[in-house]
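The values are calculated or read from the model by the stated rules, or taken from the named source; none is laboratory data. Keep in mind the model is a prediction, meaning the values are calculated, not measured. So basically every Cβ, Gly included, is an ideal-geometry build from the backbone, and we count neighbours across all protein chains shown.
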Amino acid sequence: MIGPSDLRSASLVQSCGVEDVEPWLVERISEDPTILGLGNLDLKRASWRSRQVSLLLENPTERALYVVELQLGPTDDRHIIRLVERWDATRKRHSRNRCFGVLVAEQIAPRYLNVLQVISNAVPMALREIRVSEAAGTTPPGFVPVGLLLR
């Protein structure tokens, strides 16, 4: 049975004109991390598997780390928990740096915004939705801020 998240992922695959979307997104972000709208950052680490991309970005001048959890399709509770767990592990491992969480999905459902607002009192985070233009894999994706902004 095909669910809504499968349709959203299929639309992203069709929009960007590539078969393997996860490595394509990592490549676009590594070429120009500023497309995330978080400033001038360096990509330290990236990994991906079925519909999920995990990134660690750094702003060395401000000693800040950004834990990015990107999921194709709409966000869900597992996506949120994965972000909080990775943020916590990274914060403990790099205790001298400030650490932020960034949740990215094709769609962040309004029902999660209230929960994310509450969590953001303990976990500084930003939310982004992925937008891909109709121009095939040549145009970088856009990342639109949703709801929360980093403090």
Test set (1) of a type outside the set (Phe, Trp, Tyr); (2) part of a loop (DSSP other than H, G, I, E, B); (3) under 14 Å from the mean Cα position of the chain (by Cα) - Ile81 fails condition number: (2)
query: Of all residues in segment 1-48, which are within 19 Å of Gln107 (Cα to Cα), among the small types (Gly, Ala, Ser) and either part of a helix (DSSP H, G or I) or modelled with pLDDT of 90 or more (or both)?
result: Ser5, Ser9, Ala10, Ser11, Ser15, Gly37
task: Out of the residues in segment 133-146 that are within 14 Å of the chain's Cα centre (by Cα) and not in a strand (DSSP E or B), state the one that is modelled with the lowest pLDDT.
output: Pro141
Residue in segment 49-90 that is surrounded by the fewest Cβ atoms within 10 Å (Cβ to Cβ), counting only those that are farther than 25 Å from Ala109 by Cβ and not aliphatic (A, V, I, L, M): Thr61
message: Among the residues of segment 108-123, are any part of a strand (DSSP E or B) and at pLDDT 90 or above?
response: no
